[in-house]
There are 2 protein chains.
Amino acid sequence: MKLTSLQQEFVLHFGEMGSRWGINRTVGQIYALLFLSSEPLNAEQITDGLGISRSNTSMGLKELQSWKLVRLKHFQGDRRDYFTTPEDLWEITRILIAERKKREIDPTLTKLRELELQGPAGDNYAEARIAELREMIELMTGFYDDMEKLETERLVKMMTLGSKIAGLIDKTSGALSLTKRK
Amino acid sequence: MKLTSLQQEFVLHFGEMGSRWGINRTVGQIYALLFLSSEPLNAEQITDGLGISRSNTSMGLKELQSWKLVRLKHFQGDRRDYFTTPEDLWEITRILIAERKKREIDPTLTKLRELELQGPAGDNYAEARIAELREMIELMTGFYDDMEKLETERLVKMMTLGSKIAGLIDKTSGALSLTKRK
DNA sequence: TCTAAGTTTCAGAAATTTCTGAAATCCCAA
DNA sequence: TTGGGATTTCAGAAATTTCTGAAACTTAGA
């Protein structure tokens, strides 16, 4: 399976970015290749498209499955597994954010709560800073949970509104406002 | 400089999480230590607080400065550099998001635009997918730019409102109608 | 049950990243 | 201008992560 130069360049870029995104080069490349393929690909096609070892492909696919970023497909009369990425970019984005939250934020929130439960440690400043950090993370993850529930259509609308939302917010002070207004 | 057990645990956690956050262990630990310190620390204090080499501290601080996550301070009659983290957690969060965007998203957006400029490559599906991805990233970074401009007070308000915002959005068809509330 | 295609596992090799100590550099104050 | 404290740089060592090939495992269907 020979890649077009467009695929090639895209795949190499995702490979390079992989480490910044918390995945390794191979995983980034596999994902990129699947993302650009209109048809599902099997492990062997990926292996020789990318010029990597079969076992590396297997581990990369496993990793992508743990991220829920690829789907398995089967064809009549073919025992091999075929892989695709979800079609819908919004779905992909939701998954990405959920998984990154799970890996990058949740463990820290848990740890902060643990530290607070251990009770006063005789370092007021540190204790206050930890509490403050925990509260902030709770506020943000709470907001995330709310946004996560919205249908995509509303999310898009919100993003399109952009800063106009600020105006709306100001109109909604009343009982809801926690902060004082200018 | 002996760390309290609270500091110790917090620092070790940040060290472990470092790799998931795109920084290395030492950088995570240095940041954690500064975050919990009411007073600015100099490189030597950090070095022996964490039990690492002086040069490692120097490189870690340089990295944190490139992230704009630490500030330099000086004291009268002391030539050494002292370091702190910004006090305000919202400011820290803004910086973090801006820097991650710069490192994790902007290069890809640039690359996608580049690929599109290269013109038709005879792979309609791939070309369409790339355009779609580019548009999505533009929508999201555009929204980010808008949010970035808001004062913290409004951001907090918005986060607190959470899903109630969805209701507001629905009221906003086309031109903004701010008056109607449920 | 047996066979063989397909897949996964895993120990070690290769590559990459992180860390250290020594040397170089910087820069204030005398 | 020089002496010396403070900091940075950098080459190699150490640690970690990624990748491979061979072997083990799985399972559909003969």
Is it the case, given these coordinates, that A:LEU96 is within 16 Å of DNA strand C (Cβ to nearest atom) and either in a helix (DSSP H, G or I) or within 14 Å of another protein chain (Cβ to nearest Cβ) (or both)? no
Can you tell me which of (1) within 12 Å of DNA strand D (Cβ to nearest atom); (2) surrounded by 15 or more Cβ atoms within 10 Å (Cβ to Cβ) is the one B:TRP67 doesn't meet? (1)
Can you find a residue that is of a type outside the set (A, V, I, L, M), within 30 Å of A:GLN29 (Cβ to Cβ), modelled with pLDDT of 95 or more and in a helix (DSSP H, G or I) anywhere in region A:130-139? no
Can you pull out the residues in region A:49-62 that are more than 7 Å from DNA strand D (Cβ to nearest atom), surrounded by 17 or more Cβ atoms within 10 Å (Cβ to Cβ) and either at pLDDT below 95 or away from every other protein chain (no Cβ under 14 Å) (or both)? A:LEU50, A:THR57, A:LEU61
Selection from region A:82-106 of residues free of Cβ contacts under 8 Å to residues at least 40 places away in the same chain and within 8 Å of the chain's Cα centre (by Cα) yields A:ILE92, A:THR93, A:ILE95, A:LEU96, A:GLU99
If I ask for residues that are out of contact with any Ser or Thr (no Cβ under 8 Å at 6 or more places or on another chain) and among the small types (Gly, Ala, Ser), which ones from region B:78-127 would you list? B:ALA98, B:GLY119
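Counting just the residues of region B:10-48 that are near DNA strand D (Cβ under 10 Å from one of its atoms) and within 14 Å of chain A (Cβ to nearest Cβ), which one comes out surrounded by the fewest Cβ atoms within 10 Å (Cβ to Cβ)?
Residue satisfying both the conditions and the ranking: B:SER19.
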Across region B:141-157, what is the total count of residues that are facing another protein chain (nearest Cβ under 8 Å) and in a loop (DSSP other than H, G, I, E, B)? 1
Quick check on my filter: what residues within region B:70-86 are of a type in the set (Val, Ile, Thr) and either more than 14 Å from every other protein chain (Cβ to nearest Cβ) or near DNA strand D (Cβ under 9 Å from one of its atoms) (or both)? B:VAL70
Do we find that B:GLU63 is among the acidic types (Asp, Glu), more than 23 Å from A:GLU127 (Cβ to Cβ), within 12 Å of DNA strand C (Cβ to nearest atom) and assigned to a helix (DSSP H, G or I) in this structure? yes
Do we have any residue at all in region A:104-114 that's within 30 Å of A:ILE30 (Cα to Cα), of a type in the set (Val, Ile, Thr) and within 7 Å of chain B (Cβ to nearest Cβ)? yes
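The values are calculated or read from the model by the stated rules, or taken from the named source; none is laboratory data. Computed from a predicted model, the values in this text were never measured in an experiment. Here Cβ is always computed from backbone atoms with ideal geometry, including for glycine, and neighbour counts include all displayed protein chains.
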